[in-house]
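See below for the structure under consideration.
The values are calculated or read from the model by the stated rules, or taken from the named source; none is laboratory data. Quick caveat, the model's predicted, so the values are computed rather than measured. Cβ coordinates were reconstructed from backbone atoms using ideal geometry, including for glycine residues, and neighbour counts include every protein chain displayed. Note: accessible area is taken over every heavy atom of the protein model, side chains too, but ligands, DNA and RNA are not part of it. Shrake-Rupley method; radii C 1.70, N 1.55, O 1.52, S 1.80 Å.
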Amino acid sequence: MKKNMMKSALAALAVSALALSATGMSAVAVSAQGYTTDKDYNSSEVKPTISLTQKTLKLSEAKANPKQTITLSVAGAAGKYAPTGIHVDYDSRLKLVLNEDGDPATLQQGALKISECVTDGTNGLFLTTGAKSDAGKNGALWTFDVELPADIKAPDRFEFTIRYREDDLFTNVAQDAAGELMQAYAFAAGVDNGYIEIVDDTPTTTTTTTTTTTTTSSAAAGSTTTTTSGTGKAAVTTAKTTKKPTTTTKKGDSPKTGVAGAGVAVAGLAVAVATAFALRKKED
């Protein structure tokens, strides 16, 4: 019976582990919007990542700098690609800002050539490159500027999405089987979309502590009490000073004993002894 219960428990744990593993894998794999494939892209030797800027701005920063630069970057594919064709959508509330050449985006890799760089609809870009060899590098591939709206507020969020269309590319010059697998991995599992997120400015809080000290002296009690209080923790400190009694001994007085009242006790004892001695002598 115990063995069956143990087997059931182990089986349940195994199922849970598999479910968590599957969830983790699906969370990691991100595909370009609209992309599907039946290729075994995980078998690709080259596994590129195509990512867009992700940034969080304080509201004051966003209002002070409404023009923001977005970067499309590549990782894990240096020297393995050249022909690319990528569609990027941006939030319709944003205004695209053309560069100094009048183009909607700027190529950041001189070894590659622009095949096409155009706007796609009202809030999209189509960015393509080419070369005679696989000269593509890791790092920034494209940049483009957008302007945030005047009525921006927290918590506004503006999305940037890689959207796949038929015949989009991320492959090698030969466009062979290895290039096809690399492309399949890039669009099926290598996309990391971007955003600009607006947050409230963090308020600053200043705390001021006021301290008041009161000193009370008591001559009769021979003590001094100091009390300190403030807006934070209150601290009370008591210092007690005890004065030794001063006794002046005159000639014929009881000797100084150092203990209060001891002289009176000694005098009484002397009277008692003298009286007892007188009574005994009388009886004799």
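Before moving on, here are some points about what is shown:
- Here is the figure for the range 126-145: residues that are closer than 28 Å to residue 178 by Cβ, of a type outside the set (Phe, Trp, Tyr) and part of a strand (DSSP E or B) total 7.
- Members of the range 90-110 found to be closer than 23 Å to residue 137 by Cα and among the acidic types (Asp, Glu), listed by number: 103
- The set of residues in the range 91-145 that are acidic (Asp, Glu) and over 28 Å from residue 156 (Cβ atoms) comprises 100, 101, 116, 134.
- Looking only at residues in the range 112-153 that are of a type in the set (A, V, I, L, M) and open to solvent by 50 Å² or more (accessible area, probe 1.4 Å), the one that is farthest from residue 193 (Cα to Cα) is 150.
- In the range 74-90, the residues that are open to solvent by 30 Å² or more (accessible area, probe 1.4 Å) and within 27 Å of residue 155 (Cα to Cα): 89
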